[in-house]
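Read-outs throughout are calculated quantities, based only on the coordinates presented, and are distinct from any laboratory measurement. As the structure is a prediction and not an experimental result, all values here were calculated from the model. Glycine gets a Cβ as well: all are built from the backbone with ideal geometry, and neighbour counts include every protein chain shown.
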Ligand SMILES: NC(=O)c1ccc[n+]([C@@H]2O[C@H](COP(=O)([O-])OP(=O)(O)OC[C@H]3O[C@@H](n4cnc5c(N)ncnc54)[C@H](OP(=O)(O)O)[C@@H]3O)[C@@H](O)[C@H]2O)c1
């Protein structure tokens, strides 16, 4: 029996995440009958190649979404707010990469390694809009989930080292322009990013945290169904490509053995442990670049707190932090649409 193939619209197909979605759909042999690339008026007509076929970029419309089974959105929150309900009403299942619906109680927020069942309603049909979490949240919850299930997490202190590509084409171009000596008055990363580290991602909230930091708090709690989890983040932009690094300090309710933690993470889905200090082995953004997994290293007990663990995790923000997670959600729809 031949497998059903799906018509996939990609809103934001000309962006960093959208282009990575095309790569990931192809690499993972997703059953595609046709691609519908969508972007702004600026990109109308631009060619997009997929598996030997050339498509022409269109602008979003109700008519275009009525031809799609699945719509992958990665064109910012305002565009999602404008088009997600239209696409869902037109019959597509929307998988949205923006922050527009993540904390909406009626919209599931899904990481397939953590809460895959949340994307389906009680009658087994998929929700019309499924939200993809923030990149820095996704890689963290893939690691926290197995640890929480076994040792019960009380508190997480996390500091991030985030790639310029997390800010899309503009974020990447800002670094390249600065390195080429081209400077303009305004800075995409608030301050110069070349040779710098900027502890400011997204806007500051009244509580002194940035919106990026509060996304890590609120989204993690929602995905893990752990409303009381205490998470204390500091998010920092650094001039790298390849992925986001995160230094985690995790306090548990229960005791643990370090070897058991390493074994548990190594056998958990979506994780690769690279941890051998004697051989200078630990993950880096260059390690994670264009990979779909979350890499973990520097696993060690907190010297002063016996029930607390330190580790360093890295994932490609354009892949597991965005495109791969969205395609993994789409894979759960195969055979159910
Ligand atoms: N970068 C990451 O690591 C990451 C991770 C997780 C989630 N996300 C989310 O994914 C989304 C896209 O991020 P990105 O990094 O790919 O950004 P990007 O490189 O700047 O690409 C933005 C895309 O959105 C399209 N677009 C912008 N305004 C539009 C409009 N009014 N109507 C239709 N299309 C429009 C752009 O089309 P044009 O080419 O025509 O301008 C482009 O295809 C954002 O919501 C972001 O928050 C990004």
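So, by mean Cβ neighbours within 10 angstrom, what's the order for 160-168, 79-87 with the highest one leading? Before the final figure, lay out each step's value.
On the way: 160-168: 23.8, 79-87: 20.0.
Ranking the peptides 160-168, 79-87 by packing returns 160-168, 79-87.
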(message) Between segment 269-298 and segment 137-152, what is the separation of their alpha carbon centroids in Å?
(response) 16
(request) Post the alpha-carbon centroid distance, segment 210-261 to segment 1-69, in whole angstrom. (result) 33
(request) Can you tell me the order of 300-308, 222-230 when each peptide is scored by its average per-residue count of other Cβ atoms within 10 angstrom, highest first? (result) 222-230, 300-308
(request) Counting other beta carbons within 10 Å of each Cβ, put 6, 241 in order, fewest first. (result) 241, 6
(message) Angle check, please: helix 77-89 long axis (alpha carbons) against the longest principal axis of the chain (alpha carbons), in degrees 0 to 90, nearest 10.
(response) 60
(message) Once you keep just the Cα pairs under 8 angstrom separated by 6 or more residues, what percentage relative contact order results for segment 136-317?
(response) 28
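Once you sort the root eigenvalues of the Cα gyration tensor of segment 218-314 as a ≥ b ≥ c, which label holds: rounded (a/c under 1.5), prolate (a/b larger than b/c) or oblate (the other case)? Let's see the in-between values first.
Values: a/c = 1.56, a/b = 1.15, b/c = 1.36.
In terms of gyration-tensor shape, oblate.
Any chance you could run the full-extension gain for residue 203 through residue 173? It's 0.36 nm times the residue separation minus the Cα-Cα distance, nm to one decimal. Write out the running numbers ahead of the final one.
Values: separation 30, 0.36 × 30 = 10.80 nm, distance 2.06 nm.
Full extension of this stretch gives 8.7 nm more.
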(message) Between residue 54 and residue 262, what is the label-point separation in nm under the 7 Å Cα-to-beta-carbon projection?
(response) 5.3
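So if R0 is 30 Å, what FRET efficiency would residue 46 and residue 332 give, r being the distance between their Cβ atoms, rounded to the nearest 0.05? Provide the component values of the computation, followed by the final result.
Values: r = 30 Å, r/R0 = 1.01.
E(calc), rounded to 0.05, equals 0.50.
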(request) Place a label point 7 angstrom from the Cα of residue 300 along the Cα-to-Cβ direction, then list the residues of segment 247-282 whose backbone nitrogen is under 16 Å away. (result) 247-250, 258-259, 262, 274-282
(request) Given the peptides 15-25, 275-285, arrange them by the average over their residues of other C-beta atoms within 10 Å, most packed first. (result) 15-25, 275-285
(request) Kindly state, to the nearest 0.05, the FRET efficiency for residue 183 paired with residue 211, given R0 = 22 Å and r defined as their beta-carbon distance. (result) 0.25
